[in-house]
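> Below is one structure. I have some questions about it.
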Amino acid sequence: QVQLVESGGGLVQAGGSLRLSCLASGNVFTTMPMGWFRQAPGKEREIVAAIRIPGDTNYTDSVKGRFTNSRDNSKNTLYLQMNTLKPEDTAMYYCAARRGATLTTQAARYDYWGQGTQVTVSS
């Protein structure tokens, strides 16, 4: 089992920055694929970014160049640095991990989920 706890969300003005953290505990592997997803009211959950190891990362097009996904295996922590935030980035952000070896952007293939942290970007 893996437990995930997100933090770092909040209210920020457009153009601002936030850094989300996801602390993992339990049976965590350093190469375990992990991802950030978000879900806005009335919309489906969507991938934001995913990472297995440095260099094996994936971003959705709308955040490329603005968000950076990284992991510190010594701290069992996944990070999402979000810069130049836009109102359309407003959503609940979830951290996820999967037992499989390959990186994927499909939410259904992730086995473990955190409780989420709210990000609200005002215009």
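For (1) more than 19 Å from G114 (Cβ to Cβ); (2) free of Cβ contacts under 8 Å to residues at least 24 places away in the same chain; (3) aromatic (F, W, Y), each residue gets a yes or a no:
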| position | (1), (2), (3) |
| --- | --- |
| L11 | yes, no, no |
| S17 | yes, no, no |
| S21 | no, no, no |
| A24 | no, no, no |
| T31 | yes, no, no |
| G42 | yes, yes, no |
| G55 | yes, yes, no |
| L85 | yes, no, no |
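> Separate question: I need a count of the residues in the range 32-74 that are farther than 21 Å from L85 by Cβ, of a type in the set (A, V, I, L, M) and buried (at least 16 other Cβ atoms within 10 Å of the Cβ).
Result for the range 32-74: 2.
> What do you reckon, is F29 among the aromatic types (F, W, Y), open to solvent by 40 Å² or more (accessible area, probe 1.4 Å) and either over 15 Å from the mean Cα position of the chain (by Cα) or over 14 Å from V2 (Cα atoms) (or both)?
Numbers: among the aromatic types (F, W, Y): yes; open to solvent by 40 Å² or more (accessible area, probe 1.4 Å): yes; either over 15 Å from the mean Cα position of the chain (by Cα) or over 14 Å from V2 (Cα atoms) (or both): yes.
In short, yes.
> Checking the condition closer than 21 Å to N27 by Cα and part of a loop (DSSP other than H, G, I, E, B), which residue from L85, L78, L103 passes?
L103
> Considering (1) more than 21 Å from G9 (Cα to Cα); (2) part of a strand (DSSP E or B), say which one V121 fails and leave the rest.
(1)
> From R38, R52, grab the single residue that is at pLDDT 95 or above and among the basic types (K, R).
Among R38, R52, only R38 is at pLDDT 95 or above and among the basic types (K, R).
> Continuing with the same structure: Here is a list of conditions, (1) farther than 17 Å from R99 by Cβ; (2) in contact with a Ser or Thr (Cβ under 8 Å, 6 or more places away or on another chain); (3) of a type outside the set (A, V, I, L, M), and K64 meets all of them except one; can you say which number that is?
Only one criterion is unmet by K64, namely (2).
> Are any residues in the range 95-116 among the hydrophobic types (A, V, I, L, M, F, W, C) and touching a Lys or Arg at 6+ places or on another chain (Cβ under 6 Å), and if so, which ones? Show your work before the answer.
Initial filter on the range 95-116 (among the hydrophobic types (A, V, I, L, M, F, W, C)): 95-97, 101, 103, 107-108, 113.
Correct list: L103, A107.
> Would you be able to tell me the number of residues in the range 78-123 that are polar (S, T, N, Q), surrounded by 15 or more Cβ atoms within 10 Å (Cβ to Cβ) and within 26 Å of Q1 (Cα to Cα)?
Residues in the range 78-123 being polar (S, T, N, Q), surrounded by 15 or more Cβ atoms within 10 Å (Cβ to Cβ) and within 26 Å of Q1 (Cα to Cα): 3 in total.
> Working only within the range 92-113, note down all residues that are small (G, A, S) and either closer than 16 Å to E46 by Cβ or modelled with pLDDT under 95 (or both).
At the first step, the residues of the range 92-113 found to be small (G, A, S) are 96-97, 100-101, 107-108.
Matches in the range 92-113: A96, G100, A101, A107, A108.
The values are calculated or read from the model by the stated rules, or taken from the named source; none is laboratory data. Just so it is clear, the structure is predicted and the values come from calculations on it, not from any experiment. Positions of Cβ are backbone-derived with ideal geometry, glycine not excepted, and every protein chain shown enters the neighbour counts. Ligands, DNA and RNA are stripped out before the accessible areas are found, and what is left, the full protein with its side chains, is counted by its heavy atoms. Shrake-Rupley method; radii C 1.70, N 1.55, O 1.52, S 1.80 Å.
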